[in-house]
Amino acid sequence: MTTWNLKGTQKHVLICNGSSCMRKEGEEITLAIREEIATLQLDHEIHTSRTRCNGRCKDACVVIVYPEGKWYSATSTEVGRDIIKNHVDPSIHLHDALIYDFVDDELNAVNESSRIEGIMKKEKTNV
Ligand code: FES
């Protein structure tokens, strides 16, 4: 067990380690993200957490970055590394991997035509 002093942390990267994401290189992507953070000496700025399922299994492996509120589909270790590199170099292109973006106080789907829409929570509660 570890208790970090998170003072000064600028980003929190949540890496899905639910079963669907683990079947799609979740472990390798987790390690690649953490290795990239160490390589770029960003340990004091970026904190990572492994999570259970985030409810977007079709986009495995799901990686979420806060405070931006950006949700990514990391389909390879390279995409995972690029998510971290983007922190220091915003010109690194991530648009294809972006699935949700937090805009106007809510999550908005990005690249909708190439993704499974999923079940609306309102629909589910009306069943
Ligand atoms: S297991 Fe990762 S989103 Fe479901």
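Assorted remarks:
- The ranking of Trp4, Trp71 by Cβ neighbour count inside 10 Å, starting from the fewest, reads Trp4, Trp71.
- Stokes-Einstein diffusion coefficient of the stretch 2-48, Kirkwood radius over Cα pairs, 4 °C, 1.567 mPa s, in µm²/s: 113 µm²/s
- Antiparallel bridges, percent of DSSP beta bridges restricted to the chain (to nearest 5): 70 percent
- Full extension of the chain between Glu35 and Gln10 yields a length gain of 7.2 nm, computed as 0.36 nm times the residue separation minus the alpha carbon distance.
- Computed over the chain: relative contact order in percent, which uses C-alpha pairs under 8 Å that are six or more apart: 24 percent
- 3J(HN,Hα) along the stretch 14-20: 9, 10, 5, 10, x, 4, 5 Hz, from the Karplus curve 6.51 cos²θ - 1.76 cosθ + 1.60 with θ = phi - 60°, whole Hz, x for Gly and Pro.
- Unmatched cysteines, the chain - criterion: no other Cβ of a Cys under 4.7 angstrom: Cys53, Cys57
- Protection proxy ranking, peptides 40-48, 60-68, average beta carbon neighbours within 10 Å, highest first: 60-68, 40-48
- For the chain, the equivalent ellipsoid derived from the alpha-carbon gyration tensor has semi-axes of 25, 16, 15 Å in decreasing order.
Every number here is computed from the coordinates shown, using simple stated rules; none is lab data. What you see is a predicted model, and the numbers here were worked out from it, not measured in a lab. Every residue, glycine among them, receives a Cβ derived from its backbone with ideal geometry; neighbour counts consider all protein chains shown.
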